[in-house]
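First up is the structure itself, then whatever we jot down about it.
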Number of protein chains: 2
Amino acid sequence: MSTHIPLGFELSGVHCGVKQDADMEDLVLVVCRGGAVAVGAYTTNLICAAPVELDRRRTPTNDARVLVINSGNANACTGDQGDQDARRMGQLAATAIGGEEHQALVMSTGVIGESLPMEKIAAGIADAAGQLGDNADALAKAARGMMTTDKVPKVASREFVLSGNSVRILGMAKGAGMIGPKMATMLAVVMTDACLVPDDAQTLLKNAVDVTFNCISVEGHMSTNDTVLLLASGNATDQPLAGEDLSQFSAALERVCLDLARAIPADGEGATHLIAIDVSGCETDGDAFQIAKTIADSPLVKTAVTGCDPNWGRIVSAAGYAGVLFDPRQVSLSLVGTLLYKNGTPVTFDATSVSAEMRTRFEIDVVLRVGAGPGKCRFFTSDLTTEYIHINADYHT
Amino acid sequence: MSTHIPLGFELSGVHCGVKQDADMEDLVLVVCRGGAVAVGAYTTNLICAAPVELDRRRTPTNDARVLVINSGNANACTGDQGDQDARRMGQLAATAIGGEEHQALVMSTGVIGESLPMEKIAAGIADAAGQLGDNADALAKAARGMMTTDKVPKVASREFVLSGNSVRILGMAKGAGMIGPKMATMLAVVMTDACLVPDDAQTLLKNAVDVTFNCISVEGHMSTNDTVLLLASGNATDQPLAGEDLSQFSAALERVCLDLARAIPADGEGATHLIAIDVSGCETDGDAFQIAKTIADSPLVKTAVTGCDPNWGRIVSAAGYAGVLFDPRQVSLSLVGTLLYKNGTPVTFDATSVSAEMRTRFEIDVVLRVGAGPGKCRFFTSDLTTEYIHINADYHT
C-alpha cells in the first residue's frame, strides 16, 4: 500500500460500533488543517442520501477542513432525521479538529433506511480525532474504514514532478455492491497537495470520473450514496497549476481514478473474473459507452464469463439492444485475443481452447468493433456468480 | 391444458434431433389450410435472427398457411447461410402441406451462432406434416416443441360468443431465459377463428403486446429471436369483427396474452418467486413502465426477493435511477400488502413477519406510488437465484 500521503493531510480510521465486527474500522476522518479546495461528483439517483445532499451544497469550496466518513449505515431514505444527522455529523467532526461547521464534508455507506446511531458516531469522531496521522498505518485504517462488503481496501497513488515541485495524488475507494454507471459510482476520496483553483478542480474531476468511475459496474444498480471527492491542499506548489502542469496533473489524476475504479469490479461481490469491454468504431464515445454498458449489465454475458464459456452470441446480441444504431454486417468480436465473429458472420474456432484460456485468466478482454467511426469506450465489470446471490439474498443493505 | 383449438387450425410437434434429448419435441407445425390473416410483433434488437427478418417481410398477410418452429437452435448471427436456411425451412413446410413458399412463416429458438442442421429439419417437417391434428395431444406436443430451458409448456385460451358466434383464442409461448422488455420478448403464437382484417389484427396485437409481453422480464437481456404471431383463420365468423365485437375480442386477446406473458417469468430460469410490480402516480404510463422495468432489472431487488428480505431501500433506490423525474417526498411503497415507506420516510414495521409472509407466497406484490399522476404500469419479473447462475454459466445458448 502506498504511503505517499499528500502534504497537508492527516487520516485516521477507528471502530465505533456501526459495524458489528469489532475488528473493522467504520469511522474515518480526513483532515486538511490548512483548508483544501474540494469538489465532488455525486450520484444522479433522485433518491439520494442525506450526506450527498449536504456535500452537494457545500462544494465546490476552497476551505474544506475535514471529511468524516462512516460505513455500515448509508443514512439514505431516512427523511428529515437523516438530514439532521448528516449535519450533526459534520458539525461534530469540524469541532473535533477546531474547525467550523461549513468546513466539513460527510460520506456514509451501508444499510439504507435506518437512522444513524449518533451516540456511536459522536464517540467515534472524538476517538478518530485523537489518532490522526500521515503514515501508512493511518492510511490503512482509513481505507478499511470505508469498506462494506469489499474484500480488500482500495488505494491508488502517483507521485511526479511539476515545474520542479514534487506532487502527490492519493485516492481511496470502496465498492463491491450496488455499483452502476452514469454516476460517481461509490465512495472515493482523492487527495493531492497540488494547488488547484476550484473551477479547474471541478473540470478535472468531472473529466476523470467520466472515463473511470462512470465506466464500471458490478450489477448496474445505481446507489443512493455515490460520491467522489477531490481534495487539494496546495501544500506542494506555490501557485495554482496551469498550462502543461495542469495537463500533466490531469493525466495523473485520471490514472489514479482508473486504478481505483478498476479495483471495484475486480473486488465485485462474488466476482471470479474482471471483464474489460472495449467497444470501438461507433459514431461517438457516448454510443460506445451505451453499448459497453449494455453488454456489461447483461446477466447472460456475466454468467457466460463465470462459466468460461466463449458464448459470443450473448455479447453480440446485447450490443444489438443497446439503443445505438449500427450495421450488423460490420460487427466483429474478439474474446481473450481470439476472433470469434467477423463482419456479421461466425468464425470457426476451437471453443475448448478459448474456454481453457478464459480459465487461466482473471481479466477477460472483450473487444467489439461495430463500424469505422471514431467513438470508443473501455468499461470494466464483474462476472456474476452464485456467491453474489448468496451475498445479496442474505446480506441486508 | 385447454383443448379449444380454434377452427381451421391443425398442430403437430415431433422430435427431429436439433435437441439432444429424444423425448423432447423440437419441431412444430401450425397449419391453417384455408389461409389465415397473420400479423407479428418482433424483437427490436438490431442483431436479429434470420427467421425474424423473414417473418417481418411476410407479415401482415391474409394468406398464411403454415408456421414452422424449431427449438434448440436460434438461427441467429448465422450470416447469409442463416437467411438461406430460414427460407428453405419455410419452403419445405409449405410444400409439405401443399402450399406455396410465400404462405409460410418461420420461428427458431435456442443456441445462437450455429447453422441449422437442415437434414434433420427437413426430416422433421416431413414427419410433423404426417401427424397434424386438432386434439389435445397435438397441442401438448406443439407447446413442448417450442421449449428450451422452460420447465413447463405455456398455453392459454379463451372461448366466448360474439354476435351469436362462438369464438376461440388459443396461444402458446416459450420463455425461461434471455427475456427483456420493449420487444416481443420470446416466441408466442396466438390462434383464433375470429375473422379479422389485417390492419385490425395488427393494431390489436400491438396494443396487447405493449401491456403484456413487453411488461415482463427474466434477466432483461433482449433476445435476437423474439416473435409474437397472431393467426386468424376466420372460420368462426362470417364477417370481419367490428364495433363492440372487436372491442370484446381485443379484451379477450389481451387476457390470453397476459396469461402467457405472466407464465414466462413465473417459469423464469431458476425462479423461486414471481415478482409483480405495480407502479402508479406517474405523469405517463411510459414513465411508470420505465420505473417498473428498472426495479425489475435490478439484481439487488431480485436477490432481496430470493432471500425473502423486505429490503425496500433497494426498490426505492432503483426507482430513483430510472431516469424519470418525481418528488422523493411523495414516494410510498408496499410489499406483500404491508406499507414500508410512506411519503419519503420509513415506516416502522415487523421485518420478521413480512419476511415470513414472503416465504409463504410465490407471487410477491410490490406496489410503488411516486406521486398523484395518472400514469401506471404492471410488470412481472422473476427473482434471481443460484440456479439461474448454474443454468447460464453451464448451458450454452
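Just so it is clear, none of the values below were taken in a lab; they were calculated from the coordinates. Keep in mind it's a predicted model, so treat the numbers as computed, not measured. A quick note on method: Cβ atoms are made from the backbone with ideal geometry, for glycine too, and the neighbour counts reach across all protein chains shown.
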TODO: Would you mind ranking A:Arg314, B:Arg359 by Cβ crowding within 10 Å, fewest neighbours first?
DONE: B:Arg359, A:Arg314
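Can you tell me what share of the DSSP beta bridges in the stretch B:240-397 is antiparallel? A percent to the nearest 5 is fine. Let's see the in-between values first.
On the way: 17 of 24 bridges.
Counting only bridges with both partners in the stretch B:240-397, antiparallel ones make up about 70 percent.
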Task: R0 of 41 Å, Cβ-Cβ distance A:Val347-B:Asp127: FRET efficiency to nearest 0.05 - done: 0.75
- [ ] Sum -39500 (n - 2.57) across every DSSP H segment of at least 4 residues in the protein assembly as shown, then divide by the residue count to get the 222 nm mean residue ellipticity, nearest 500.
- [x] -10500 deg cm²/dmol
Task: Reachable lysines, given that their alpha-carbon falls under 22 Å from the alpha-carbon of B:Lys376 and they are not under 8 places away in the same chain - done: B:Lys182, B:Lys206, B:Lys293, B:Lys302, B:Lys342
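Could you put B:Glu363, A:Glu357 in order, starting from the residue whose Cβ has the fewest other Cβ atoms within 10 Å?
Values: B:Glu363 12, A:Glu357 17.
Sorted ascending by nearby Cβ count, the order is B:Glu363, A:Glu357.
If you wrap a convex hull around the alpha carbons of the protein assembly as shown, what volume per residue comes out, as a whole number of Å³?
It is 150 Å³ per residue.
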Task: By average C-beta atoms within 10 angstrom, highest first, the peptides A:324-332, A:91-99 - done: A:91-99, A:324-332
Task: Dipole magnitude of the stretch B:1-150, debye to nearest 20 (Cβ charges: Lys/Arg +1, Asp/Glu -1, about Cα centre) - done: 280
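According to the Cα gyration tensor, what semi-axes, each the square root of 5 times an eigenvalue, does the equivalent ellipsoid of the stretch A:210-316 have, listed from largest to smallest in whole Å?
Working: eigenvalues 219, 57, 28 Å².
The answer is 33, 17, 12 Å, longest axis first.
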Open item on the list: With the crude spin-label approximation of a point 7 Å out along Cα→Cβ, what separation in nm comes out for B:Phe160 versus B:Glu387?
Closed with: 3.4
Task: Volume per residue of the C-alpha convex hull in the stretch A:158-281, rounded to whole Å³ - done: 112
Open item on the list: Under 5 Å between amide hydrogens, which residues at least 5 positions from B:Gly371 or on another chain qualify, with H placed 1.01 Å from N in the peptide plane?
Closed with: none
Task: On Cα atoms only, tilt of A:136-145 relative to the major axis of chain A in degrees - done: 70
Task: Note, ³J(HN,Hα) from phi for the stretch A:21-33, Karplus 6.51, -1.76, 1.60, rounded to Hz, x at Gly and Pro - done: 5, 5, 7, 9, 4, 9, 9, 10, 10, 10, 10, 10, 4
Open item on the list: Run the simple label-point estimate for B:Met24 and B:Glu363 please: 7 Å along Cα→C-beta, distance reported in nm.
Closed with: 2.8
Task: Shape call, the stretch A:274-394: gyration tensor on alpha carbons, a/c limit 1.5 - done: oblate
Open item on the list: Can you give me the C-alpha center-to-center distance between the stretch A:83-120 and the stretch A:40-60, rounded to a whole angstrom?
Closed with: 14
Open item on the list: Please list log₁₀ I(q)/I(0) at q = 0.14 Å⁻¹ for the stretch A:10-266, using the Debye equation with identical point scatterers on the alpha-carbon positions.
Closed with: -0.85
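List the trypsin sites (Lys or Arg not before Pro) in the stretch A:128-178 that DSSP assigns to loop (not H, G, I, E or B) and whose Cβ has at most 14 other Cβ atoms within 10 Å. Which are they?
Values: sites: A:Lys141, A:Arg144, A:Lys151, A:Lys154, A:Arg158, A:Arg168, A:Lys174; in loops: A:Lys151.
Passing sites in the stretch A:128-178 are A:Lys151.
Just to confirm a number: summing +1 for Lys and Arg and -1 for Asp and Glu over residues other than B:Arg87 whose beta-carbon lies under 12 angstrom from that of B:Arg87, what do you get?
On the way: positive: B:Arg57, B:Arg58, B:Arg88; negative: B:Glu53, B:Asp55, B:Asp80, B:Asp83, B:Asp85, B:Glu101.
Neighbour charge sum, excluding B:Arg87 itself: -3.
Please give me the summed charge of the neighbours of A:Asn235: other residues whose Cβ is under 15 Å from its Cβ, Lys and Arg +1, Asp and Glu -1.
Cβ neighbours under 15 Å give a net charge of -3.
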Task: Peptide A:319-331, shielding by other chains (average Cβ, 10 Å cutoff) - done: 4
- [ ] May I ask you to compute the full-extension gain from A:His4 to A:Val152, defined as 0.36 nm times their residue separation minus their alpha-carbon distance, rounded to one decimal in nm?
- [x] 51.4 nm
TODO: Go ahead and run the numbers for FRET between A:Glu100 and A:Ser247, Cβ-Cβ distance against an R0 of 45 Å, rounding to 0.05.
DONE: 0.80
Task: Cα-based shape type of the stretch A:1-66, given that a ≥ b ≥ c are square roots of the gyration tensor eigenvalues and the cut on a/c is 1.5 - done: oblate
TODO: Quick one: compute the contact order of the stretch A:274-394, relative version, from alpha carbon pairs under 8 angstrom and 6+ residues apart, as a percent.
DONE: 47
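Between A:Thr44 and B:Thr203, what FRET efficiency follows from the Cβ-Cβ distance if R0 is 51 Å, with the result rounded to 0.05? Working shown, then result.
On the way: r = 38 Å, r/R0 = 0.74.
The formula returns an efficiency of 0.85 here.
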TODO: Normalising by the residue count of the stretch A:10-266, find the relative contact order in percent from Cα pairs under 8 Å and 6+ residues apart.
DONE: 24
TODO: Output the antiparallel fraction of DSSP beta bridges having both residues in the stretch A:119-247, as a percent to the nearest 5.
DONE: 70
TODO: Note down the Stokes-Einstein diffusion coefficient of the stretch A:2-150 in µm²/s, whole number, using a Kirkwood radius over alpha carbon pairs, 37 °C, and 0.692 mPa s.
DONE: 218
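Run through the DSSP bridge list for chain B and note the antiparallel percent, rounded to the nearest 5.
Details: 52 of 75 bridges.
If I count the DSSP bridges inside chain B, around 70 percent turn out antiparallel.
Give me A:Glu254, B:Glu53, B:Glu25, B:Glu100 ranked fewest to most by other Cβ atoms within 10 Å of their Cβ, as a rough exposure proxy. Please report the intermediate quantities before stating the final value.
On the way: A:Glu254 19, B:Glu53 15, B:Glu25 26, B:Glu100 12.
Arranged by neighbour count, lowest to highest, A:Glu254, B:Glu53, B:Glu25, B:Glu100 become B:Glu100, B:Glu53, A:Glu254, B:Glu25.
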